[in-house]
1. Rank these residues by their accessible area, most exposed first, probe 1.4 Å: 248, 311.
2. For residue 288, go through the lysines and keep the ones whose alpha-carbon is under 26 Å away, minus same-chain ones fewer than eight residues off.
3. If each residue of separation counts as 0.36 nm, what is the full-extension length gain between residue 170 and residue 495 once their alpha-carbon separation is subtracted?
4. Using the Karplus curve 6.51 cos²θ - 1.76 cosθ + 1.60 with θ = phi - 60°, what ³J(HN,Hα) values do you get for each residue of the stretch 402-418, in whole Hz, with x for Gly and Pro?
5. State the dimensionless ratio Rg/Rh of the stretch 278-329 (Rg: radius of gyration of Cα atoms; Rh: Kirkwood radius).
6. Can you tell me the dipole magnitude for the chain around its Cα centre, using point charges on the Cβ only (Lys, Arg +1; Asp, Glu -1), in Debye to the nearest 20?
7. Give me the angle, in degrees from 0 to 90, between the Cα long axis of helix 368-378 and the longest principal axis of the Cα atoms of the chain, rounded to the nearest 10.
8. Which one, 316, 272, 109, projects farthest toward the positive side of the charge dipole computed for the chain from Cβ point charges (K/R +1, D/E -1)?
Amino acid sequence: MFRKAALLAFSFLAIAHGQQVGTNQAENHPSLPSQKCTASGCTSSSTSVVLDANWRWVHTTSGYTNCYTGNAWDTSICPDGVTCAKACALDGADYSGTYGITTSGNALTLKFVTGSNIGSRVYLMQDASNYQLFKLINQEFTFDVDMSNLPCGLNGAVYLSQMDQDGGSSKYPNNKAGAKYGTGYCDSQCPRDIKFINGEANVGNWTGSSNDANSGTGSYGTCCSEMDIWEANSVAAAYTPHPCSVNSQTRCTGADCGQGGDRYNGLCDPDGCDFNSFRMGDQTFLGKGLTVDTSRKFTIVTQFISDDGTSSGNLAEIRRFYVQDNKIIPNSKVNIAGIDAVNSITDQFCSQQKTAFGDTNRFGAKGSLKQMGAALKTGMVLALSLWDDHAANMLWLDSDYPTTADASKPGVARGTCATTSGVPKDVEAQSGSASVTYSNIKFGDLNSTFTGSASTTPSGPSSSSTSSTTQPTSPSSGTVAQWGQCGGIGYTGATACVSGFTCHVVNPYYSQCY
């Protein structure tokens with residue numbers, strides 16, 4: 001949501017980001033199989049992961065002189081962006097030894113501190129040269145997570161970015177590295193600390209960060225729609241759509257990047273419309289020993305429901321389920337005055353939330369769920385990361401934020417972490433052994449990627465159920481249209497389908513007319 005989008009470039013002296021390909025270290029992508037599912041079952045794909053280019057060693061093509069050291073460019077090699085892109089080579093990665101990235105079967109583990117490396121971000125690969133694209137309208141995405149070892153100030157994030165499938169190599173001839181070397185990143189914060197954008201070095205007006213010895217910002221940013229499926233630590237979690245007015249990865253300058261005082265004047269919605277159970281009024285739902293027990297592994301299911309029950313329809317609702325100990329746990333319900341007691345993201349929820357919290361509604365201005373759905377139709381790239389936050393100490397996720405606001409005001413309290421927590425130098429020193437494990441990635445038809453029985457555990461101030469706010473009904477007859485919800489635990493709407501359709505039980509919480 002307030003992610004420092006380049007994450008943390010680590011303190012390796014040789015860290016930079018470039019576009020040519022070096023030969024010092026062979027690039028071998030760690031295997032991470034995923035599964036595509038239908039009602040008939042799931043089939044495995046030989047997917048893998050690739051390290052983001054911002055973490056890699058970049059040196060001159062004619063030798064091994066660093067193009068970027070600390071938080072400054074070598075201007076003798078990089079006097080301008082085009083020259084730099086041609087002169088600098090992006091090398092392969094030692095995933096486990098340098099970056100603390102390992103895979104085992106269908107599980108990926110990211111370690112926080114490994115030697116001088118801090119955090120990491122990887123992308124799921126379809127093959128050696130292309131990212132896996134996810135087109136999830138009227139589909140679902142599911143994975144398991146173990147984040148028991150993530151304290152305050154850290155974020156284990158799983159999200160979708162509207163990046164080019166080949167990393168931009170076909171669009172930009174100076175980018176010889178492409179997706180194979182993790183290039184082409186963009187997100188809704190339009191980050192200006194990405195060192196190469198559109199095949200050129202971001203050297204213009206580059207300024208080193210005042211609180212990060214390895215980062216800085218240039219004149220350019222890189223924007224695209226972003227769907228945060230999961231941003232979390234063991235204390236707090238959120239899922240958040242961030243639409244942009246552009247429909248693909250776009251380089252920005254000036255106010256279009258939405259930085260500083262122009263935060264709400266840019267091409268994208270930087271805040272998004274978040275559903276954080278704690279912030280939405282249920283402070284006993286997620287955490288160690290709570291309904292969703294973050295001291296142990298669990299499953300996260302995210303469903304992207306269209307308005308007509310097809311993959312060509314407009315995105316109308318984003319639903320969330322959890323599964324733990326073979327029990328299906330519906331998302332917590334909202335318990336905030338002025339917001340309906342729902343447990344999913346819809347345009348109505350987002351509008352009510354922005355009003356109740358007094359937040360700027362850039363979500364609505366940037367096209368709301370329909371625009372987010374347009375990005376999901378074109379295909380988005382899966383990012384998996386672990387990071388700490390030099391910009392806001394992760395307080396926007398797990399503490400009271402803004403820190404100057406009254407914590408009793410709706411929307412300010414987001415988790416139980418202290419407002420003094422999350423300072424990167426403290427987190428890196430005290431929690432260097434932290435890690436997160438993502439596993440069992442599945443995607444496909446609704447209700448095909450998970451199993452479990454109904455949970456009888458209360459999940460907050462009121463019993464939870466799947467929201468039916470976007471499901472069509474026929475007001476005159478009191479019946480439910482095709483693809484609408486017609487039953488399930490906690491459901492109180494009509495149960496009879498319009499003529500020609502029958503109500504089918506999909507899972508304990510959801511029955512559908514078809």
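The values are calculated or read from the model by the stated rules, or taken from the named source; none is laboratory data. Small disclaimer: the values here were computed from a predicted structure and weren't measured. All Cβ positions, even for glycine, are placed from backbone atoms using ideal geometry, and neighbour counts span all protein chains on display. Note: accessible area is taken over every heavy atom of the protein model, side chains too, but ligands, DNA and RNA are not part of it. Shrake-Rupley method; radii C 1.70, N 1.55, O 1.52, S 1.80 Å.
1. In descending accessible area the options line up as 311, 248.
2. Result set, ordered by chain and number: 111, 297, 327, 333, 409, 425, 442.
3. My answer for the length gained is 111.9 nm.
4. x, 5, 8, 8, 5, 5, 7, 6, x, x, 7, 7, 10, x, 8, 5, 5
5. A ratio of 1.11.
6. 380 debye
7. For helix 368-378, the angle is close to 60 degrees.
8. Selected residue: 316.
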